[in-house]
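The structure appears below as structure tokens.
The values are calculated or read from the model by the stated rules, or taken from the named source; none is laboratory data. On a predicted model such as this, the values are computed, not experimentally measured, just so you know. Ideal geometry is used to build each Cβ from the backbone, glycine not excepted, and the neighbour counts take in all protein chains shown. Only protein heavy atoms, including side chains, enter the accessible area calculation; ligands, DNA and RNA are left aside. Shrake-Rupley method; radii C 1.70, N 1.55, O 1.52, S 1.80 Å.
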Amino acid sequence: MLALKKVSYSYNRGKKAVDDFSLVVKGGEFVSLLGPSGCGKTTLLRLISGFLTPDSGAVLIDGRDQSGLSPSMRRIGMVFQDYALFPHLSVFRNVMYPLECRKGDMSAQERNEVVADACRKLSISGLAERYPHELSGGQQQRVALARCLVQRPRLILMDEPLSSLDPGLRQSVREELKAIHDELKITTVYVTHDQEEAFCLSDNVAVMDCGSLMQYGTPEEIYYSPANEFVLNFTGGANILKTDGCDYAVRPEWISISDGENGLRATIESVSFFGARTRISALESDGNRIIADVPSVNARTLRTGDSVCFEVMHGVRI
Ligand code: ADP
Ligand code: MG
């Protein structure tokens, strides 16, 4: 549905913000671009939407090269971090806005129906007369999404849309986004620097660094088989354990505390309690450090200086 073919772009002929980037997104998929701040995610969205033109390479939608097509001709919906709602317009008028810009396409009655339908889908019908400042962050987010849907986009681009919400709301709006996508199945490219968000929302995740694609795969592939050290570290890091002849990457949460004597014996140097889980840092006798994240209920009696036996539940050969 969307294909990026060796797309490169640099601002003002500087360092490449997007570097030889290729990706294929199938129709109806939810794909995340995941990477640290400054790695080129927003630039890539601008290239897809047509606000920027690639220096080289091509953006194809439904098999058609989009070069020369303006953003409005591409039928792409955008949702931004700050929602960009009009403060002086009611919810209904905000959602109506894109249709009023193209009045010739529909009668007033058709426009009203399309807006009412989008408001129903996003459960904001009861808020139609309110103004943006009278809405919670999550409600504003839904208005922005409704405004995007009335344009019947074939592709939706979202740039860190949850990052200004507080953590609790973030999780509930995240679940709503997923439910809306499951229902409407509009192809979506979603930008985030939060791996949890990318993993729980997406069919596929593109991990980026310095403008380049590091790995493209399902959330499970990225988590269990990271393609390189960057992906491994950006998705939570890992211990490197040496066995005869080869190294294994073992994520902290792949280590448990063993009841018996079999496993890796180490001396605890610190115990950090995070609520649901506890992080234990411990040293083996040869000085190798092991970081383990265990359910806190299994670590209640552990103290600095204790000897502990770790069991490795999973490892990835690297
Ligand atoms: P991300 O969205 O992943 O944080 P961006 O796409 O915004 O990253 O930025 C990628 C790179 O391009 C960064 O080095 C950034 O400083 C640079 N950049 C972004 N926008 C501009 C701009 N308008 N002019 C010049 N450089 C820019
Ligand atoms: Mg950005």
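Somewhere in region 81-88, is a residue more than 29 Å from E197 (Cα to Cα) and not in a strand (DSSP E or B)? Steps first, please.
Here is the first cut: in region 81-88, the residues more than 29 Å from E197 (Cα to Cα) are 88.
Filter once more, keeping what is not in a strand (DSSP E or B): 88.
Yes, that holds for at least one residue.
Per the conditions (1) open to solvent by 20 Å² or more (accessible area, probe 1.4 Å); (2) touching a His at 6+ places or on another chain (Cβ under 8 Å), the sole criterion not satisfied by P71 is (2).
In region 208-215, is there at least one residue being modelled with pLDDT of 95 or more and closer than 27 Å to M73 by Cα? Steps first, please.
From region 208-215, those modelled with pLDDT of 95 or more are 208-215; that's our starting set.
From the residues that got through so far, the ones that are closer than 27 Å to M73 by Cα too are 211.
So far as region 208-215 goes, yes, one or more of its residues are modelled with pLDDT of 95 or more and closer than 27 Å to M73 by Cα.
Residues of region 17-35 that are open to solvent by less than 20 Å² (accessible area, probe 1.4 Å), in contact with a Gly (Cβ under 6 Å, 6 or more places away or on another chain) and either modelled with pLDDT under 95 or more than 10 Å from ligand 1 (Cβ to nearest atom) (or both): none at all.
In region 142-150, is there at least one residue being in contact with a His (Cβ under 8 Å, 6 or more places away or on another chain) and in contact (Cβ under 8 Å) with a residue 40 or more places away in the chain? Step through it out loud before you land on a result.
Going through region 142-150, the residues in contact with a His (Cβ under 8 Å, 6 or more places away or on another chain) turn out to be none.
No, region 142-150 contains no residue that is in contact with a His (Cβ under 8 Å, 6 or more places away or on another chain) and in contact (Cβ under 8 Å) with a residue 40 or more places away in the chain.
The set of residues from region 181-217 being surrounded by fewer than 23 Cβ atoms within 10 Å (Cβ to Cβ), within 13 Å of ligand 1 (Cβ to nearest atom) and at positive phi comprises just one member, C210.
Only a single item in (1) within 15 Å of ligand 1 (Cβ to nearest atom); (2) outside any loop (DSSP other than H, G, I, E, B) is not met by A3, and it is number (1). Condition first: at pLDDT 90 or above, in the same structural domain as E197 (by TED's automatic domain parsing) and in a helix (DSSP H, G or I). Can you find one or more residues in region 70-77 that meet it? Yes, some residue in region 70-77 is at pLDDT 90 or above, in the same structural domain as E197 (by TED's automatic domain parsing) and in a helix (DSSP H, G or I).
Per-residue answers, yes or no, for (1) within 16 Å of ligand 2 (Cβ to nearest atom); (2) not basic (K, R):
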residue	(1), (2)
A3	no, yes
Y9	yes, yes
K26	no, no
L52	yes, yes
V59	no, yes
R64	no, no
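Exactly one residue out of D159, D105 is farther than 17 Å from A84 by Cβ and acidic (D, E): that is D105.
Residue check: is A238 touching a Ser or Thr at 6+ places or on another chain (Cβ under 8 Å), among the hydrophobic types (A, V, I, L, M, F, W, C), surrounded by 11 or more Cβ atoms within 10 Å (Cβ to Cβ) and in contact (Cβ under 8 Å) with a residue 12 or more places away in the chain?
Working: touching a Ser or Thr at 6+ places or on another chain (Cβ under 8 Å): no; among the hydrophobic types (A, V, I, L, M, F, W, C): yes; surrounded by 11 or more Cβ atoms within 10 Å (Cβ to Cβ): yes; in contact (Cβ under 8 Å) with a residue 12 or more places away in the chain: yes.
For A238, the condition - touching a Ser or Thr at 6+ places or on another chain (Cβ under 8 Å), among the hydrophobic types (A, V, I, L, M, F, W, C), surrounded by 11 or more Cβ atoms within 10 Å (Cβ to Cβ) and in contact (Cβ under 8 Å) with a residue 12 or more places away in the chain - is not met.
Filtering D55, D82 for residues that are more than 16 Å from T188 (Cβ to Cβ), open to solvent by 40 Å² or more (accessible area, probe 1.4 Å) and at pLDDT 95 or above leaves a single hit, D55. If you go through region 70-108 and keep only what is in contact (Cβ under 8 Å) with a residue 40 or more places away in the chain and hydrophobic (A, V, I, L, M, F, W, C), you end up with I76, M78, V79, F80, A84, L85, F86, L89, V91, V95, M96, L99. Could you list all residues from region 36-69 that are away from ligand 1 (no atom under 12 Å from the Cβ), without any contact (Cβ under 8 Å) to a residue 40 or more places away in the chain and not in a loop (DSSP other than H, G, I, E, B)? Scanning region 36-69 gives R64, D65.
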